[in-house]
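One structure is given here, and the rest of the page talks about it.
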Amino acid sequence: MKVENRYDVIVAGAGHNGLTAAAYLARAGMRVLVVEKNDWIGGAAVSRSLHEGWTYSNCSYVCSLLRREIARDLELPKYGLQVIPYEGGASFTRDGDYFAYYSDHNALKREMARHSAKDADAYRGYSRSIMRQCRFIRPFLLRDAPDPASLHPRDLGELAYLVKKANGLGSRELGETLKFWTMSIGDFLDEHFENDLIKAHLAGSGIIGTGLGVYSPGTAYVLLHHYMGDIDGGIGAWGFARGGMGAISNAIAASFKEHGGTIHTGSGVEKILSKDGRVEGVALEDGKVYYAPVVASNMDIKRTVLHHIDAAELPDEFTKAVRNFKIRGSSAKLNIALDRFPNFPAAPEHTSFLRGDLHVSQSLLELEKAYDDWKVGRWSEKPYIDMLIPSQIDPTMAPTGAHMMTVFVQYAPYDIEVDGVRSAENWDEKQRNAIAETVLDQMSVACPDIRERVVHMEVRSPLEIEREVGLTEGNIFQGELTFDQLFFNRPVPGWSQYDLPIKGLYLCGSSAHPGGGVMGAPGANAARAILRRETRHGRMKGYAA
Amino acid sequence: MSQFDAIIIGGGVNGLIAGTLLGRRGKNVCIIEKSNRFGGMASYSVDGGPTLAHSLYNLSPRVLSDIGIDPQHPVLSGKPVSTVSLSEDGRHIVFKNEGVFWSEGAKHPESDAWTDLTQQLITYGGLLRQLAEAPPPGGQKAILSRGGLNEFLRLAKLGIGLKKLGKPEMRRFLQVVLSNVHDIVLDDLPEGSVAGMLAADAIWGSATGPRSPGTVFNLIYRLGHGGNITQPAGGMSALTDLMVEAAQKAGCVLMPETEVFRILLDDDTVSGVATNDGRTISTPIVLSNLAPKLTSLMTGHSIFDIETTRQFRNIRARGTAAKVNLRLKDSSPLPGLPDELADERLIYAPSVGYVEAAFNPAKYRQMSKAPVIEAFKMQTADGASWLSTIVQYAPSDLEGGWTETAKEQLAEITVETLSRALPGLGDQIAGKQVITPDQIESATGAPGGHWHHAEMSLDQLLTLRPANGMSRYSMGPKGLFQCGAATHPGGDVMGLAGRNAALAALEAQP
């Protein structure tokens, strides 16, 4: 056996979480190989040029959740990562008005009062609740989820930490927290606000990427999942990575390589090799075989377990639980090269809010209806869209004077229904064009000249996202963020601590706790678990340790 | 001026139980009811038609023993009924304790999967029942006090119960209980009538669809006492009559046709109630069977802080179940239904997707055009034959209101839907009664006509029921307690809310 085929750890998949795990392990002195099926790295945190002169953030498009502990540990700024916050956003109405969201509290209050004086007052209470929930949850992101059925000291310790934190809230605040975690974003907003447009604007974050509607219990948590990030300490702030989201993956990869890591692109894992319940390495699609006593999979749990491991190697109960893990495709994406800045007739000149996230949903019920379409296999007639033009802030994304636009679309089912048959195979050119037309119609509410501005457009249905990135059903979180799949239930009960029933095999993607988003936490947590279990010194160093 | 040790406002099931229990513990109790009839929603009926509730599945044996009703009483020894899922092709599906069968007798291929899942949920229900039979955990009691110790022991017992399940089952419990019924059922069963039956049983009386997270909890709640369904001999009013009798035996004074308009306070302590007929009745303890918002109207908002009154307003209670009673021409068998199934519980819920689709319109204040239906064929005291049905979804806040036309439309939809499986049913119908949620509200006071006075969603359960900081039955001023379905553990003709509230009142003021 040739020595160059042997590593201490092999990471399957060069998404940002795989790279994060790899970078931590390389820094701890391990020989790490990352294998990637595509010719490029980054997974869903990627920048690609599909039309000359323009760079697209093809999948994920904005940054906030990336844990700062990880950015510091891996020295990402040194390797070129610069995140520029954008301020504000807006929802446009069908009658030519808008609701603008400013990060400046007073400006926001004034704007809210323009729509509802009551809501302007209510915002203080609302933002206080959200901020408290963010503060409560953030420390858990870089910790393991305890197994409630285990009496292991580590689990008891984590459980004790949870109880201590919860107790520290006081019984009233704890009650509010439990309520917040279990309620729907629609009900939560209805408790605070009266204006439909304001509620619709705020609700979007509760449904992005999920197979739930704004009135499904648990969507308040999904909102939190989008608010608990920060940029330079500004909790809840979002920004653009200069050069697109790929800049994040590239910086992590550069940090990894500088510490001796190797990345092998262009051939995916065919099979994760194991013998007698112990992992041995990976066999690639191109026939190469690499050996290592530890393999960490950045693929989602369904792909890892159901496609790349011999079923005979795993307990049936476990395989069944994985099969029942819910990963539902619900999002599509348009990436658009624009010849110049589109016209937003409603917006005042030189306003800052156009540099933020723009929407056209009018009410919570419109959003809920969009969900009803999805349930029966249709994309929404009036989808929720989250559109941004990052080239206003980051000029590297498009030629001078031209712009790049990213449009996230919720809901688009994976298995769409055509002629009574539900199947992902139905996503052909015709269907992709049709959904693009629906989305462009919806966008015209904000910028009526959008169709004339398009130079090039990439339409990504859930099927494309699955095929290219490898995310099952194109689900952006590698698994629904519902209570039954979060914390100690993620990905499946009993296996929430990154290891899998084959010794030496770990999960480092966002199917694991704490879940999806360009966060890096599952990767860092997996690295910590690997170092603890597989090495003698056992400790990870750094802020995320 | 009369004087009592305790006054119960509202003579529904929970009010009767709370009063009886206090009476049996030596208190001098008065139960005040605004209508001329005790039993509340359970035995409410219009013009002698079938009652609102038409079957028993969750009545707590612990409550029965606490109020001195023999569980073997003839009224309670009604025959257990099976559930029949009606099918358009005439091959109905019968759910029995022994499994699932086709109506012609052969075993259904999904029988074992259904039995396994149901048994698992019944086991979980048994565990959760321990929580239901006491105030919710999280009180501010010192661990070494008697109450604190009891609570600790109860939680420890639950913990041991969970441990006894074994690690994998314990983990599964913690996942399943938070999940939605659509996923849990379709993980183990193919889409169709068997799955549809479980989906339907998870949504009765609630403003949720099978895909809503938390609906498995509703199903477990329904199965909390084993899941057996019976019809009391003599109907629901026979049962509530039995409860009235128990209350009288316990020395309670029953005061029908009396409306309380004010709960009187003296120095933030309950001193009595004032009634519409001008009487003042003094008492140190009031248990209100009404929803919190209505109770707070009786005390006046000013005694609660604004945060609390806002909480009352935000309690979600949107009734979605209507009662449609179809009077039959005679007692001849229903068309398309074998004789031996004539008295069983009939449901129309051909698939999980059907139930979800039925829910959709309710979100937008519309009635389902293809609703989920539960039906019993029964005879009322006057000898008339009825098909008593619960029709979902029919939201209390229907757009345009529940006009006569809207009610007529709902009745037609009901007959049409049932006729798909029972062709020719329309020809047998001699009359229709439609009782909509808003009507239930005006008759019983239940907010939105909601069966549980407050939606049984995860954010309104246990310590959060009816509202955060108010889950242990006492409410604001000293001596004021709530004992209705809006409190832990919730409604159904179960009685635990009333019982727990009475015990809490006794503990606070022995």
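Observations on the structure shown:
- Residues in the stretch B:17-37 that are surrounded by 24 or more Cβ atoms within 10 Å (Cβ to Cβ) and either assigned to a loop (DSSP other than H, G, I, E, B) or in contact with a Leu (Cβ under 9 Å, 6 or more places away or on another chain) (or both): 9 in all.
- Per-region count, the stretch A:318-352, residues of a type in the set (A, V, I, L, M, F, W, C), under 30 Å from A:Glu111 (Cα atoms) and within 17 Å of the chain's Cα centre (by Cα): 1
- Answer from B:Glu245, B:Glu259, B:Glu169 - the residue that is away from chain A (no Cβ under 14 Å), on the phi < 0 side of the Ramachandran plot, without any contact (Cβ under 8 Å) to a residue 60 or more places away in the chain and of a type in the set (D, E, K, R): B:Glu245
- Extreme residue, surrounded by the fewest Cβ atoms within 10 Å (Cβ to Cβ), among residues of the stretch A:481-495 that are within 9 Å of another protein chain (Cβ to nearest Cβ) and in a loop (DSSP other than H, G, I, E, B): A:Gly494
- Any chance B:Gly353 is within 14 Å of chain A (Cβ to nearest Cβ), touching a residue at least 24 places away in the same chain (Cβ under 8 Å) and buried (at least 16 other Cβ atoms within 10 Å of the Cβ): yes
- Hey, B:Ser368 among the polar types (S, T, N, Q) and part of a helix (DSSP H, G or I) or not: no
- Within the stretch A:521-540, being among the small types (Gly, Ala, Ser) and surrounded by fewer than 24 Cβ atoms within 10 Å (Cβ to Cβ) holds for A:Ala529, A:Gly538.
- Residue check, B:Ala443 out of contact with any strand residue (DSSP E or B) (no Cβ under 7 Å at 6 or more places or on another chain), within 30 Å of B:Gly498 (Cβ to Cβ) and crowded, with 24+ Cβ neighbours inside 10 Å: no
- Test: residue in the stretch A:162-180 that is within 27 Å of the chain's Cα centre (by Cα), more than 14 Å from every other protein chain (Cβ to nearest Cβ) and part of a helix (DSSP H, G or I): yes
Table: residues versus (1) more than 30 Å from A:Gly494 (Cβ to Cβ); (2) assigned to a helix (DSSP H, G or I).
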position: A:Ala253; (1), (2): yes, yes
position: A:Lys257; (1), (2): yes, yes
position: A:Gly260; (1), (2): yes, no
position: A:Glu270; (1), (2): no, no
position: A:Val279; (1), (2): no, no
position: A:Val295; (1), (2): no, no
position: A:Met299; (1), (2): no, no
position: A:Ala312; (1), (2): no, yes
position: A:Glu317; (1), (2): no, yes
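- Looking only at the stretch A:501-516, and only at residues there that are assigned to a loop (DSSP other than H, G, I, E, B) and surrounded by fewer than 24 Cβ atoms within 10 Å (Cβ to Cβ), the one that is nearest to the other protein chains (Cβ to nearest Cβ): A:Pro501
- Matching residues, the stretch B:384-406, being assigned to a strand (DSSP E or B) and of a type in the set (A, V, I, L, M, F, W, C): B:Trp386, B:Leu387, B:Ile390, B:Val391
- Condition check for A:His201: surrounded by 22 or more Cβ atoms within 10 Å (Cβ to Cβ) and more than 14 Å from every other protein chain (Cβ to nearest Cβ): yes
- Among (1) modelled with pLDDT under 95; (2) within 14 Å of chain A (Cβ to nearest Cβ), the one test that B:Ser212 misses: (1)
- Breaking point among (1) surrounded by fewer than 23 Cβ atoms within 10 Å (Cβ to Cβ); (2) under 30 Å from A:Pro85 (Cα atoms); (3) within 14 Å of chain B (Cβ to nearest Cβ), for A:Pro315: (2)
- Applying the condition of being β-branched (Val, Ile, Thr) and under 16 Å from B:Thr51 (Cα atoms) to the stretch B:230-267 and asking which residue is surrounded by the fewest Cβ atoms within 10 Å (Cβ to Cβ) yields B:Thr230.
- The sole residue among A:Phe353, A:Phe344 that is surrounded by fewer than 23 Cβ atoms within 10 Å (Cβ to Cβ) and aromatic (Phe, Trp, Tyr) is A:Phe344.
- If you go through the stretch A:412-442 and keep only what is closer than 30 Å to A:Ala347 by Cβ and within 23 Å of the chain's Cα centre (by Cα), you end up with A:Ala412, A:Arg432, A:Ile435, A:Ala436, A:Val439.
- The stretch B:416-434 - residue that is over 13 Å from B:Ser385 (Cα atoms) and β-branched (Val, Ile, Thr) and, of those, nearest to the chain's Cα centre (by Cα): B:Val434
- Taking strands (runs of 3 or more DSSP E) as the structural unit, those lying wholly within the stretch B:41-156 and holding at least 2 residues that are free of Cβ contacts under 8 Å to residues at least 24 places away in the same chain correspond to B:99-102.
- Residue in the stretch A:52-68 that is surrounded by the most Cβ atoms within 10 Å (Cβ to Cβ), counting only those that are touching a Gly at 6+ places or on another chain (Cβ under 6 Å) and polar (S, T, N, Q): A:Ser57
- Condition met for B:Arg313 (within 14 Å of another protein chain (Cβ to nearest Cβ) and at pLDDT below 95): yes
- With respect to being in contact with a helix residue (DSSP H, G or I) (Cβ under 8 Å, 6 or more places away or on another chain), under 23 Å from A:Thr482 (Cα atoms), more than 14 Å from every other protein chain (Cβ to nearest Cβ) and at pLDDT 95 or above, A:Ala241 falls outside the description.
- Flag if A:Asp386 is among the acidic types (Asp, Glu) and touching a residue at least 40 places away in the same chain (Cβ under 8 Å): yes
- Of the strands (runs of 3 or more DSSP E) that lie entirely inside the stretch A:69-131, those containing 2 or more residues that are buried (at least 21 other Cβ atoms within 10 Å of the Cβ) and in contact (Cβ under 8 Å) with a residue 60 or more places away in the chain span A:89-92, A:98-101.
- Residues in the stretch A:132-155 that are more than 8 Å from chain B (Cβ to nearest Cβ), surrounded by 14 or more Cβ atoms within 10 Å (Cβ to Cβ) and of a type outside the set (Asp, Glu): A:Arg132, A:Gln133, A:Cys134, A:Phe136, A:Ile137, A:Arg138, A:Phe140, A:Leu141, A:Leu142, A:Arg143, A:Ala145, A:Pro146.
- From the options A:Arg460, A:Arg453, residue that is more than 14 Å from chain B (Cβ to nearest Cβ) and over 30 Å from A:Glu425 (Cβ atoms): A:Arg453
- Flag if B:Ala485 is over 23 Å from B:Ser206 (Cα atoms), hydrophobic (A, V, I, L, M, F, W, C) and buried (at least 24 other Cβ atoms within 10 Å of the Cβ): no
The values are calculated or read from the model by the stated rules, or taken from the named source; none is laboratory data. Not measured: the values here are computed from a predicted model. Don't worry about glycine lacking a Cβ; one is built from the backbone with ideal geometry, like all the others, and counts go over all protein chains shown.
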